[in-house]
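Asks: Here it is, the structure, as C-alpha cells.
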Amino acid sequence: MAEQKKSLLNVHSYTKECIERYDGASPQRTKISEAPPLIRMKLSDAIFDLCRANSLWPLTFGLSCCAIEMMCCGMARFDLARYGAEVFRPSPRQSDLMIVAGTVNRKMAPALVTLYEQMPAPRYVIAMGNCAVAGGPFDVEANYDVVLGVDKLIPVDVYIPGCPPRPEALIEGILQLQEKITGKRFPFPQNKMPEGA
Amino acid sequence: MDINQVKKQWQELSTAVEDVEYAVSGHDYNVCLECDKVRDFATLMLDEGFYLVDLMAVHVTPAIEVVYQFAHFETRCRVLARAFVDDKVEMPTISDIYQGANWHERETRDFHGVVFIGHPYLKPLILPEEDVDLKPLLKAEAKLKDVDAVRRKPPEPAPAPKAKPAPKPEVKPAAVKSQEQS
Amino acid sequence: MSMDVKALEDDRHHRYVLNMGPQHPSTHGVLRVLLELEGEYAMNLLPVLGYGHRCHEKIAEFKPAKSFMPNTARMDYLGALIYNHGFAQLLEKAAGIEVPERVEYIRVITSELNRIQSHLLWYGAYLLDLGAFTPIMYSFDDREHILDILEDVTGSRLTYCYFRVGGVSKDIDEKFVTGTRAFIKRLRSRFPMYEDLVNGNIILQKRLIDVGELTPHICARYGITGPLLRGTGVAYDMRRAEPYSIYSKFDFEIPTGTKGDCMASFMVRFHEMEQSLRIIEQALDGLPEGPIMAAKVPKKLKIPAGDYNSSVEAPRGELSYYLVSDGSDVPYRLKVRTPSYSNLSVIPEMCQGMLLSDVVSAMGALDLVIPEIDR
C-alpha cells in the first residue's frame with residue numbers, strides 16, 4: 001500500500017475546480033455567473049419559492065443502505081407525496097433536489113459532481129445518513145476509499161443524521177428545506193398515524 | 001462423485017492433502033498445491049462437479065498465498081486449495097476453466113497485486129483505475145506474519161513429564177509440508 | 001465465454017457503446033454496465049464495479065473481531081440479520097463458544113423474517129423495474145409490518161446489529177410472539193392476492209419466461225448459488241446441504257424450478273417466502289425458555305490461530321465468511337464471499353444477444369445488492 005495516505009479528495013481535477021467554485025458560496029448563488037433576474041419583485045419571488053418548496057422533485061440518487069429508507073419514504077406508509085416530493089426523476093435535468101442517500105467513495109465522486117452540475121438552478125442538496133454527512137462508520141484509520149462527507153464535494157443544504165435515518169427523519173429534512181426556501185414552516189399535512197397501525 | 005477416488009487424484013497433483021475437522025473450521029479438506037499444478041487441479045474439480053466458491057489471497061511471508069475454495073452441489077465436501085505465488089508474484093489463471101474466477105482474480109490483483117498469467121482482462125475491478133498500485137490489503141512490515149503463525153496448531157499434548165511436544169512444521173517457499181495430527 | 005473486450009475497443013460503425021451509468025432509475029444501487037448495442041440488441045456487456053466500495057475487508061484487519069458485527073450489516077442491508085448470523089457463527093465456532101438453545105431459536109425466527117422482508121422488497125422493486133407501479137406499494141406495506149415486529153426487539157429498521165458472539169442482545173417477549181403469529185396469518189392471506197395480481201399476468205409471463213436461461217453447469221463454472229441455482233433444478237440450499245444452527249430440526253421444502261430462466265427464479269423466491277413462514281411457525285411452537293447469552297464469553301475474544309469458514313444461506317445465495325487468524329483478537333484476514341458477486345459475473349454470458357429490455361429483466365431476476373458486491 002502506498003506509504004503516504006492518499007488524500008481522499010484527490011479525486012478528479014474537475015472536482016477540485018468545482019470545490020473552489022462553490023467554496024464559501026451559498027447554494028443558490030454560486031460564483032459561476034447566474035445572471036440575476038432583470039426585475040425582482042418580492043411578491044413573485046415569494047410565490048415562486050412557495051411553489052418550489054411544495055413540489056421538490058428529487059433525483060434518484062440512492063447509493064447504499066439509506067436508499068431503502070428513502071424508498072420506504074415514498075411508499076404508502078410514510079408517503080412523501082403529501083409534501084409534493086414523490087416524483088423521483090431519473091434525470092438530473094428534470095430534478096431540483098438531490099438526496100445523497102449513502103456512501104460516496106472516490107470512484108463515485110466525479111459522477112456525483114457531474115450530476116450536481118447538470119441540475120438546473122435553483123437546486124438543493126440533502127445529505128441523508130451518516131455516510132453522506134461525515135463519512136459515518138467509515139471514518140476510521142483503515143479507510144482508503146470513502147469520501148468523508150458529501151459536503152467536501154458539493155454544497156449541502158440540509159443534513160440528516162442517522163444510520164439509516166428513519167423515513168420520518170427524511171420527511172423532517174424535507175420540511176426543514178421547505179422552511180429554508182420559503183422562510184416558514186407549514187403545519188399541514190402532519191404525520192398522523194391511523195389508530196391501530 | 002466418489003470422494004476417495006477424488007482424494008487419490010488430489011494426492012497425485014498436490015504436495016499435501018489434509019482432513020480438517022468440519023465442526024471447528026467449516027471445511028473438509030485442505031489441499032496444498034504448487035502454482036504450476038493449479039490449472040490441472042481446477043480442471044479436475046470442474047469435471048467432478050465442484051463449483052468455485054471463492055478465490056482470495058493472504059499476505060504472509062515467505063510469499064502471498066492464494067486460496068481457492070470449492071464445494072459440491074450434491075455431497076457435502078468443502079475443499080480449500082492453497083498455492084504460494086512464485087517469485088514474481090504471479091500465478092496462472094483459472095478463468096478459462098472457471099469463468100467465475102475472472103472477477104475474483106481481478107479483485108485479488110487490486111488488493112494484493114498478484115498478477116494472473118493468461119487472464120484476458122486484468123484491469124482494476126473494485127478500485128479506481130488510477131489506483132492500480134495502491135494494493136491496500138498488503139500488510140505493513142510490522143504486521144506481516146509468517147505462514148506458520150496463521151496455521152492451525154496441533155492440540156497441546158497432556159503435560160506428562162516425559163511427553164515430547166509436537167514438532168514444529170517447517171515451511172519452504174513453494175511447498176508446505178503436511179502437519180502432523182496428534 | 002468471457003467478454004469480447006477487443007470488440008469493445010474496435011471501431012465498429014453499426015455498434016455503439018451505451019453507458020448504463022452508476023446512477024440509473026433501477027433500485028439496484030450503483031452498478032455501471034457498459035453495453036455494446038447493435039440496434040436494441042446487447043452484443044457485449046461489461047459491468048464496472050467499485051462505486052460502492054467501502055473498504056470492509058481492510059477495516060476488519062484493524063478492529064477486534066467482535067466489533068466487526070455492525071459492518072456485516074452494512075454489506076447487505078436487506079439480509080443484515082443473516083449476515084450477522086454467519087459472522088457470529090464463525091466466531092463461535094472458532095472460539096469454541098456454545099450458544100444456548102433459546103438463542104438458536106430466536107436467531108432462526110428473526111433470520112427468516114429478514115429473508116421474507118428481503119424477498120418482499122425484491123418482489124416490489126423488480127416489478128417496478130419492469131414497469132408495474134402497483135405491486136411495490138403492497139409489498140412494501142407487508143414489509144413494514146415485519147419491520148415493526150423486528151424494530152421492537154432489535155432496535156433498528158434496516159441495518160440490524162442484533163446478534164452478538166454467544167447470543168443475542170435482547171430477549172423476545174410475548175408481544176413479539178403474538179405479533180409474529182398475526183403477521184404469518186396476514187401474509188398467508190395476501191399470497192393469493194399477489195398470485196392474482198402479478199404472477200398470472202400475461203405481460204410478466206412474456207417478459208420473464210425463456211429470458212436468461214441458466215444451466216447447472218453454468219452455475220458451477222460461475223459459482224452461482226441461491227434462487228438462481230434452484231431455478232435450474234438443483235436443490236442446493238445451505239440450510240439443508242450444510243445445516244447450521246437448528247435448521248435440521250425443521251420441516252421445510254426447497255422450491256426448485258426447471259428451466260433456469262427468470263420466471264423460474266422468480267417463482268422460487270415467491271415460494272421461499274411460504275417456506276420461511278413454515279419455519280417460523282415451527283420455531284415459535286418449539287421455543288424453549290433459557291438464557292439469551294452463552295455462559296462465558298470473554299471480553300477480549302482471542303481466536304486460535306488457523307483458518308475458519310462459515311457458510312449460511314443469504315436471501316441471494318451462499319454467503320461465506322473466511323477468517324484467517326494469527327491467535328490474537330484482531331483478524332489477520334477476513335474475506336466475505338457474497339452471493340451477488342458471483343451471480344452478477346454471469347451477465348456477459350447470460351445476456352449476450354438479448355434485447356435491452358430483456359437485459360433489465362435478467363438483471364432484476366439476479367436480485368443484486370451492489371454494496372455487497374463491492375464490499
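Asks: Starting from the Cα of C:Glu98, step 7 Å along the direction of its Cβ; do the same at A:Asp139; then give the gap between the two resulting points in nm.
Replies: Between C:Glu98 and A:Asp139, the label points sit 4.5 nm apart.
Asks: Once the dipole of the protein assembly as shown is set up with Lys and Arg at +1 and Asp and Glu at -1 on Cβ about the Cα centre, which of A:Ile181, C:Ile303, C:Thr72 lies farthest towards its positive end?
Replies: A:Ile181
Asks: Could you rank the peptides C:263-275, B:141-153 by their average count of other C-beta atoms within 10 Å per residue, with the highest value first?
Replies: Details: C:263-275: 21.9, B:141-153: 14.4.
For the peptides C:263-275, B:141-153, the packing ranking is C:263-275, B:141-153.
Asks: Need one value for B:100-107: mean number of C-beta atoms belonging to other chains within 10 Å of its residues' C-beta atoms.
Replies: Numbers: counts 12, 4, 5, 9, 5, 0, 1, 7.
The shielding value for this peptide is 5.
Asks: In nm, give the distance between the simple-model label positions of A:Asp49 and C:Ala235, each being 7 Å from the Cα along the Cα-to-Cβ direction.
Replies: Modelled inter-label distance: 6.7 nm.
Asks: If you don't mind, there's one more thing I want to ask. Which one of C:Tyr341, C:Met293, C:Leu229 has its Cα pushed farthest toward the positive end of the charge dipole of the protein assembly as shown, where Lys and Arg give +1 and Asp and Glu give -1 at the Cβ?
Replies: The residue sitting farthest along the positive end of the dipole is C:Met293.
Asks: Computed over the Cα atoms of segment B:3-176, what is the ratio Rg over Rh, Rh following Kirkwood?
Replies: On the way: Rg = 17.4 Å, Rh = 17.4 Å.
Answer for segment B:3-176: 1.00.
Asks: Also, quick follow-up: Spelling out what I want: for every residue of segment B:51-57, take phi, set θ = phi - 60°, compute 6.51 cos²θ - 1.76 cosθ + 1.60 (Karplus), and round to whole Hz; glycine and proline get x.
Replies: 10, 7, 7, 7, 8, 8, 10
Asks: Can you give me the long-range amide H partners of B:Thr61? Hydrogens built in the peptide plane at 1.01 Å from N, cutoff under 5 Å, separation of 5 or more residues or another chain.
Replies: Excluding prolines and chain starts, which carry no amide H, the hits are B:Lys145, B:Asp146, B:Val147.
Asks: Now a separate question. Using the Karplus equation 6.51 cos²θ - 1.76 cosθ + 1.60 (θ = phi - 60°), what ³J(HN,Hα) coupling, rounded to whole Hz, does each residue of segment C:160-174 give in order, writing x for Gly and Pro?
Replies: 6, 9, 8, 7, 10, 6, x, x, 10, 8, 9, 7, 8, 10, 4
Asks: Further, regarding this structure: Hey, got the dipole for the protein assembly as shown? About the Cα centre, +1 on K and R Cβ, -1 on D and E Cβ, debye to the nearest 20?
Replies: The dipole magnitude comes to about 1680 debye.
Asks: Given the C-alpha centroids of segment C:245-282 and segment B:70-135, what is the distance between them in whole angstrom?
Replies: Taking the Cα centre of each part, segment C:245-282 and segment B:70-135 sit 33 Å apart.
Asks: Based only on other Cβ atoms within 10 Å, what is the fewest-to-most ordering of C:Thr180, C:Thr225? Provide the component values of the computation, followed by the final result.
Replies: Details: C:Thr180 24, C:Thr225 30.
The fewest-first ordering by Cβ neighbours comes to C:Thr180, C:Thr225.
Asks: Another question, if that's okay. Return the distance in nm (one decimal) between the two label points of a simple spin-label model at B:Asp86 and C:His217, each offset 7 Å from Cα along Cα→Cβ.
Replies: 3.2 nm
Asks: Would you grab the residues whose amide H sits under 5 Å from the one on B:Arg152? Only those 5+ places off in sequence or on another chain, please, with H modelled 1.01 Å from N.
Replies: It is C:Asp307, by chain and number.
Asks: Can you work out ³J(HN,Hα) from phi for every residue in segment A:116-129, in order, using Karplus 6.51 cos²θ - 1.76 cosθ + 1.60 and θ = phi - 60°, giving whole Hz and x for Gly and Pro?
Replies: Each residue of segment A:116-129 in turn: 4, 5, 7, 6, x, 6, x, 10, 10, 10, 10, 9, 9, x Hz.
Asks: Just list whichever of B:Lys143/C:Lys302; A:Lys107/C:Lys66; C:Lys66/C:Lys170; B:Lys153/C:Lys296; B:Lys143/C:Lys93 have alpha carbons separated by over 19 Å in the model shown. Present the calculation step by step, with values, prior to reporting the outcome.
Replies: Values: B:Lys143/C:Lys302 17 Å; A:Lys107/C:Lys66 30 Å; C:Lys66/C:Lys170 17 Å; B:Lys153/C:Lys296 23 Å; B:Lys143/C:Lys93 25 Å.
As for pairs spanning more than 19 Å Cα to Cα, those are A:Lys107/C:Lys66; B:Lys153/C:Lys296; B:Lys143/C:Lys93.
Asks: To continue, here is another question. Can you give me the long-range amide H partners of C:Val297? Hydrogens built in the peptide plane at 1.01 Å from N, cutoff under 5 Å, separation of 5 or more residues or another chain.
Replies: Here the answer is none, since no amide H 5 or more places off falls under 5 Å of that of C:Val297.
Asks: How crowded by other chains is C:154-163, given as the mean number of beta carbons from other chains within 10 Å of each beta carbon? Display every interim value, and only then the final one.
Replies: Numbers: counts 0, 0, 3, 7, 8, 8, 0, 0, 0, 0.
Neighbouring Cβ atoms belonging to other protein chains average 3 per residue here.
Asks: Another question, if that's okay. Counting Lys and Arg as +1 and Asp and Glu as -1, what is the net charge of the other residues whose Cβ lies under 11 Å from the Cβ of C:Trp122? It would help to have the intermediate numbers written out before the result.
Replies: Numbers: positive: C:Arg115, C:Arg143, C:Arg269, C:Arg316; negative: C:Asp129, C:Glu272, C:Asp367.
Result for the neighbourhood of C:Trp122: +1.
Asks: Magnitude of the Cβ-charge dipole of segment A:57-182, K/R +1 and D/E -1, about the Cα centre, nearest 20 debye? Each step should come with its number before you reach the end.
Replies: On the way: 10 positive and 13 negative charges, 61 e Å.
Charge dipole of segment A:57-182: 300 debye, to the nearest 20.
Asks: Tell me, what is the FRET efficiency for B:Asp2 and C:Ser357 to the nearest 0.05, using R0 = 45 angstrom and their Cβ-Cβ distance as r? Walk me through the numbers on the way to the answer.
Replies: Values: r = 46 Å, r/R0 = 1.03.
Taking R0 as 45 Å, the efficiency between B:Asp2 and C:Ser357 is 0.45.
Asks: How long are the three semi-axes of the equivalent ellipsoid of the protein assembly as shown, in whole Å, if each is the root of 5 times an eigenvalue of the C-alpha gyration tensor, listed from largest down?
Replies: Details: eigenvalues 364, 187, 146 Å².
Each semi-axis is √(5λ); the values are 43, 31, 27 Å.
Asks: Dimensions of segment C:61-338 along principal axes (Cα, Å, largest first)?
Replies: If we take the Cα atoms of segment C:61-338, the spans are 58, 46, 31 Å.
Asks: Right, here's the next one. Could you let me know the centre-to-centre spacing of segment C:328-373 and segment C:23-61, using Cα atoms, in angstrom?
Replies: 9 Å
Asks: May I pose another question? Determine the shielding of peptide C:183-192 by partner chains: average, over its residues, the number of Cβ atoms on other chains within 10 angstrom of each Cβ. If you can, show how the numbers build up before the last one.
Replies: Working: counts 0, 0, 0, 0, 0, 0, 0, 0, 0, 0.
If you average over the peptide's residues, the count of other-chain Cβ atoms is 0.
Asks: Sort A:61-74, C:304-317, C:244-257 by packing, meaning the average of other beta carbons within 10 Å per residue, with the highest value first. Walk me through the numbers before you get to the answer.
Replies: Working: A:61-74: 25.8, C:304-317: 24.1, C:244-257: 16.6.
Top of the packing list down: A:61-74, C:304-317, C:244-257.
Just so you know, all these numbers are worked out from the coordinates, no wet-lab data involved. Everything numeric in this text was worked out from a predicted model, so none of it was measured. As a convention, Cβ positions derive from the backbone with ideal geometry for all residues, glycine included, and neighbour counts pool all protein chains shown.
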